[in-house]
Amino acid sequence: MSTLTIERPTATKAHDGSTSRLWGLMAEFKTPAAIFEAAGRVRDAGYRHWDCHVPFPVHGLDKQMGVKRTIIPVIVFFAGLTGCSVGFLLQAFTNGTGAEWSFWAIVWVTGYPFLISGKPLLSIPAFVPVMFELTILLSALTTAGVMLLFNGLPRWNHPLLAKKRFLRASDDRFFIVIEARDSRFIRSKTEDFLKSLGATHVEAVED
Amino acid sequence: MSGHDHHAAAPELPQSAIVDDGRIATFARAIFAAGVIALGVGLYVGWKQGDPNQFAKIYLVNFMFVLALALGALVFTMIQHLTKAGWSPAVRRVAEAHGANLRWLWVLALPIVWLWWNGRSHAEGHGPGLDLLWPWANLEHLAAHDPAEAELVAKKSAYLNPDFFMIRNLAYFAIWALLANFYFGRSVHQDSTGSEADTRSMRKWAGPAIILFGVTTTFAAFDWAMSLNPAWFSTMFGVYFFCVCCTIGFSAIAVTLLRLKHLGFLNGVVTAEHMHDIGKFIFAFGVVFWAYIAFSQYMLIWYGNIPEETTWFAARQVGAWAWVSAALLFGHFVIPFVFLISRWVKRWPTLLLIGGIWMLAFGWLDVWYLVVPVIPSDIGTFDTWNAFAAAHAGATTGLGNPAIYLMLFGMFAICIGSAAKRLARVGLTCRRDPRMAESIAFENF
């Protein structure tokens, strides 16, 4: 499920008469209840590459679509763990040792053991703030970055944006779009199927 | 769909889900009676042990534990109003009922009045004074005992003196009783009227109420726990005690709700979504924020390395106290952090119940850790930490004393019984809160 806001509807004249390729089928529904019902049947029909576009969050639509929970939290956990370890190793290396180290034989670095207020060189309490901050930094950046990546962003255009009718996805219409790359997609059958769900209008979307 | 008031008519909730069928009232009476008996036996056993100072500390720890429970529940209620929360009316009544114990919790603090009254006479033959616990209450005695400390403490006597201490205590309990009474009373009032004016009024006062709450808990923590070592100070101590309140209060709310649901109440009212959110509250305030504050306090003192500050931690890192410190690090932070971080754990009633009880136990241990250790008076005579640690390797925590657990069960059971009786009387949810429909339909994304 995603909510699209289209700000410049005129910016989407994509084709100059060249042959276009079928990208998917777009079915329009008039009410949240209709799309909710239809989404369940698309899910049961076994389609995988499809999506709903609605002007406002329809509660429970994710579950109805059979959207699985994201694995982003797991990725973020390991990103946080990495940040924490890097924070520790960085400080342990720079302040705790006099070791010398060369990266790719180009960058040469050395530890700089520095005695601060009589504390041991390897003082974990002093390292904690940096470990904490790096944990947060890597977790936050990973969350934002992976979220964008999983959403297929950034992208400059989308086949749906060429459809005038689709503009109402940000106003008062509800759309189910099944992509042509889906293994169950057969144009005529899928079109009939979408119509059988009570769609008020079905049209092809070209790439 | 959020961010706006919902003025839908309050949903008709099944009576069997939100009204006691007699079981809660029976439980309340039984647990209250058991609590009174256990507290009586605990007081007797403790007193007979012949160590009034330790006895007073055990009492103070358990008192601060039940107080923190009520304060945590109160601040939970106030946060909901302050943030105009739509998800929480279904669960708020339980928090209000725990918080409303602040109406009478001053009764358990009456021994302070007795100590203060004794201390005024300075005559032989009277019972112990406030200096039974708080050394600043008797500067002559402190001067004879530890002149260096007395000199420091004497400079604080404008604040740390028995009469002002009593006045402050009166103010704390008056403010807390007022706030708890307001938030419980108005909410119950709404059950009969269904009036939005009640919601508006509770929201309007939430800001000032939270400020009052913050100031009073901060100074109460300074007075009761921090001034046990009057030369020592930490500006983070107040917010540390706030974390203690959150840990204990939020965990108690979770455990209470889960037990009510287990008994078959609140079906279709309190869902996994609500428990998930309360789990988040415990995780955020009781686990992560607690660790953040505890570590911040520790690190600044460790880093500064000034003797008058480090002694407090030194006393908590020798002998058996080192194990309590480590137990808190792992039991109050590392283990519950890993345990409660997952979504499915917070949504699984049995696991959240385990988490809640675990945090209650470590919340209590945290109060014990704050109140009981004594800074050895010979601490200034050692040249190194190792010498000090070796000399005090035998320091004990006193946790084996059965009087502790009798009193703990006693006070805890009285508070639980009192809250349960309240719930049995007024119902288990804010049934006519204008956002009740929104709350029941609430879902986490």
Worksheet item: Restricting attention to the range B:418-445, which residues are in contact (Cβ under 8 Å) with a residue 40 or more places away in the chain and more than 23 Å from B:Ser16 (Cβ to Cβ)?
Response: B:Ser418, B:Pro434, B:Glu443, B:Asn444
Worksheet item: Which of the residues belonging to the range B:288-312 are more than 12 Å from chain A (Cβ to nearest Cβ) and free of Cβ contacts under 8 Å to residues at least 12 places away in the same chain?
Response: B:Thr310
Practice prompt. Search the range B:360-414 for residues being more than 25 Å from B:Gly46 (Cα to Cα) and charged (D, E, K, R), and hand back the single one that is surrounded by the most Cβ atoms within 10 Å (Cβ to Cβ).
Written response: B:Asp378
Discussion item. Going through B:Lys261, B:Lys280 one at a time, which residue ends up being touching a residue at least 24 places away in the same chain (Cβ under 8 Å), in contact with a helix residue (DSSP H, G or I) (Cβ under 8 Å, 6 or more places away or on another chain) and within 14 Å of another protein chain (Cβ to nearest Cβ)?
Written reply: B:Lys280
Fill in: Unique match (being touching a helix residue (DSSP H, G or I) at 6+ places or on another chain (Cβ under 7 Å) and in a helix (DSSP H, G or I)) among B:Leu115, B:Leu110
B:Leu115
Item to complete: For the range B:339-359, enumerate the residues that are surrounded by 18 or more Cβ atoms within 10 Å (Cβ to Cβ) and assigned to a loop (DSSP other than H, G, I, E, B).
Response: none
Worksheet item: Among the numbered criteria (1) within 12 Å of chain B (Cβ to nearest Cβ); (2) touching a residue at least 24 places away in the same chain (Cβ under 8 Å); (3) of a type in the set (Lys, Arg), which single criterion is violated by A:Arg48?
Response: (1)
Worksheet item: Which one of these is among the aromatic types (Phe, Trp, Tyr), modelled with pLDDT of 90 or more and surrounded by 14 or more Cβ atoms within 10 Å (Cβ to Cβ): B:Phe184, B:Phe164?
Response: B:Phe184
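This table checks each residue for (1) within 14 Å of chain A (Cβ to nearest Cβ); (2) outside any helix (DSSP H, G or I); (3) of a type in the set (Phe, Trp, Tyr); (4) surrounded by fewer than 19 Cβ atoms within 10 Å (Cβ to Cβ).
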{"residue": "B:Gly286", "(1), (2), (3), (4)": "no, no, no, no"}
{"residue": "B:Ala322", "(1), (2), (3), (4)": "no, no, no, yes"}
{"residue": "B:Leu328", "(1), (2), (3), (4)": "no, no, no, no"}
{"residue": "B:Val334", "(1), (2), (3), (4)": "yes, no, no, yes"}
{"residue": "B:Phe337", "(1), (2), (3), (4)": "yes, no, yes, yes"}
Discussion item. Being in the same structural domain as A:Ala38 (by TED's automatic domain parsing), modelled with pLDDT under 90 and not hydroxyl-bearing (Ser, Thr, Tyr) is the requirement here; does A:Arg173 meet it?
Written reply: no
Item to complete: Identify all residues within the range A:164-207 that are closer than 19 Å to A:Glu37 by Cα and of a type in the set (Phe, Trp, Tyr); write none if there are none.
Response: A:Phe174, A:Phe175, A:Phe193
Item to complete: Please go through the range A:181-194 and pick out each residue that is part of a helix (DSSP H, G or I) and in contact (Cβ under 8 Å) with a residue 24 or more places away in the chain.
Response: A:Arg187, A:Thr190, A:Glu191, A:Phe193, A:Leu194
Worksheet item: When you go through B:Val239, B:Val255 one by one, which is the residue that is surrounded by fewer than 23 Cβ atoms within 10 Å (Cβ to Cβ) and either touching a Lys or Arg at 6+ places or on another chain (Cβ under 9 Å) or closer than 20 Å to B:Arg343 by Cα (or both)?
Response: B:Val255
Discussion item. Within the range B:129-161, take every residue that is surrounded by fewer than 20 Cβ atoms within 10 Å (Cβ to Cβ) and touching a residue at least 60 places away in the same chain (Cβ under 8 Å) and give me the one that is farthest from B:Phe222 (Cα to Cα).
Written reply: B:His145
Worksheet item: Which one of the conditions (1) touching a helix residue (DSSP H, G or I) at 6+ places or on another chain (Cβ under 8 Å); (2) within 14 Å of another protein chain (Cβ to nearest Cβ); (3) of a type outside the set (A, V, I, L, M, F, W, C); (4) free of Cβ contacts under 8 Å to residues at least 40 places away in the same chain does A:Arg43 fail to meet, given that it meets all the rest?
Response: (2)
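Only one of A:Leu61, A:Leu134, A:Leu115, A:Leu149 is of a type in the set (A, V, I, L, M, F, W, C) and closer than 30 Å to A:Lys195 by Cβ. Can you tell me which? Full working, then the answer.
Details: A:Leu134 fails: closer than 30 Å to A:Lys195 by Cβ; A:Leu115 fails: closer than 30 Å to A:Lys195 by Cβ; A:Leu149 fails: closer than 30 Å to A:Lys195 by Cβ.
Going through A:Leu61, A:Leu134, A:Leu115, A:Leu149 in turn, the sole match is A:Leu61.
The values are calculated or read from the model by the stated rules, or taken from the named source; none is laboratory data. Values in this document were obtained by computation on a predicted structure and should not be read as measured data. With ideal geometry, Cβ positions are generated from the backbone for all residues, glycine too; neighbour counts draw on all protein chains shown.
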